[in-house]
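Here's the structure we're looking at; comments come further down.
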Amino acid sequence: MTEQHKGTALVTGASSGIGAVYAHRLAKRGYDLILVARNAERLSELATRLTRETGRTVETIPADLGNKADLARVESVLKSDRSITLLVNNAGVGGTAPLLAADVDKMQAMIDLNVTALMRLSYAGVPGFVARGGGAIINIASIVAIAPEVLNGVYGASKAFVLAFSQSLKHELADKNIRIQAVLPGATATEFWNIAGTPVEHLPTEIVMSAEDMVDAALVGFDQGELATIPALEDGGLLTAYEGARQALMPHLSRSAPAARYKAA
Ligand SMILES: NC(=O)c1ccc[n+]([C@@H]2O[C@H](COP(=O)([O-])OP(=O)(O)OC[C@H]3O[C@@H](n4cnc5c(N)ncnc54)[C@H](OP(=O)(O)O)[C@@H]3O)[C@@H](O)[C@H]2O)c1
């Protein structure tokens with residue numbers, strides 16, 4: 001049984017892994033879908049299956065979000081399709097190599113996708129949400145947003161951008177009925193790891209979650225109105241304390257005089 005119609009969700013990176021699970025779960029929740037990724041065949045197979053299983057309308061847009069013209073096509077859909085109520089910025093690539101072993105052009109491509117595309121799609125979608133009186137954005141970050149030492153540093157920094165951008169969006173759009181969530185998955189069993197350079201089988205199984213469990217948990221966090229959801233974090237109090245420390249710092253970060261400990265001798 002599907003639920004009541006909720007408008008259309010545009011999901012990037014929907015051809016595999018986490019994005020494909022979001023597509024399935026959102027269709028079950030009553031969203032029509034627009035699925036974006038490069039692999040047209042996979043997208044259309046998924047669209048056919050989801051329409052058969054849920055009866056929802058599923059469109060596909062084959063697009064390379066690292067390519068300006070393709071990205072602009074998806075931006076224009078977000079600007080013009082008034083049925084869109086949810087944007088899931090999920091498409092992303094990672095890396096596991098340190099700076100000395102990584103190729104800078106691959107790092108740039110990672111930023112183009114993980115940062116630039118996510119930012120431009122958000123800019124394309126938000127004005128319509130505001131005009132229509134509401135909407136939602138789910139940004140897939142990563143635990144490396146707050147633990148950049150774990151994998152490739154550019155990957156961590158790109159996900160720190162996603163978290164900071166989400167925090168700012170939530171603040172800016174607080175009175176506009178626009179829900180913003182950043183999801184911070186830990187290791188999740190998808191093709192991501194092969195593409196990033198470390199097969200997921202090389203990780204200890206106790207730290208790897210299935211994409212289905214990850215997305216289902218993240219959607220519970222979404223329903224609870226969380227800004228930052230870390231599906232694997234058992235003790236939610238740790239995240240509350242982390243956020244509390246950040247909030248406590250904020251009023252003290254700008255002043256006319258340097259702090260006493262930085263006074264030159
Ligand atoms: N797996 C993990 O452990 C993990 C942990 C934390 C965060 N994440 C994040 O979760 C998100 C989804 O990753 P995943 O784990 O589901 O990996 P995945 O299975 O490799 O999925 C990545 C998706 O992004 C799409 N994509 C890649 N490059 C693209 C491009 N240039 N233009 C458009 N689409 C592109 C891929 O489709 P095409 O190849 O068809 O384009 C695919 O649908 C990413 O943002 C990733 O950083 C993953």
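Some values worked out for this structure:
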| item | result |
| --- | --- |
| Pairs where the first residue, in segment 29-43, is closer than 13 Å to T57 by Cα and the second is within 13 Å of the ligand (Cβ to nearest atom) and not small (G, A, S), C-beta under 7 Å, 6+ apart | L33/V11; I34/L10; I34/I61; L35/V11; L35/L43; L35/L46; L35/T60 |
| Whichever residue in segment 90-119 is in a loop (DSSP other than H, G, I, E, B) and more than 17 Å from the chain's Cα centre (by Cα) and, among such residues, is nearest to L71 (Cα to Cα) | D103 |
| Residues (assigned to a loop (DSSP other than H, G, I, E, B) and acidic (D, E)) located in segment 222-239 | E226, E234, D235 |
| Selection from segment 47-85 of residues that are under 20 Å from the mean Cα position of the chain (by Cα), among the hydrophobic types (A, V, I, L, M, F, W, C) and crowded, with 19+ Cβ neighbours inside 10 Å | A63, L65, L71, V74, V77, L78, I84 |
| Qualifying residue in segment 252-259 (condition: out of contact with any helix residue (DSSP H, G or I) (no Cβ under 9 Å at 6 or more places or on another chain) and assigned to a helix (DSSP H, G or I)) | yes |
| Failed item, numbered, when A91 is tested on (1) surrounded by fewer than 19 Cβ atoms within 10 Å (Cβ to Cβ); (2) touching a helix residue (DSSP H, G or I) at 6+ places or on another chain (Cβ under 9 Å) | (1) |
| Qualifying residue in segment 241-262 (condition: under 27 Å from K28 (Cβ atoms), modelled with pLDDT of 95 or more and polar (S, T, N, Q)) | no |
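The values are calculated or read from the model by the stated rules, or taken from the named source; none is laboratory data. Being a predicted model, the structure only gives us computed values, none of them experimental. Positions of Cβ are backbone-derived with ideal geometry, glycine not excepted, and every protein chain shown enters the neighbour counts.
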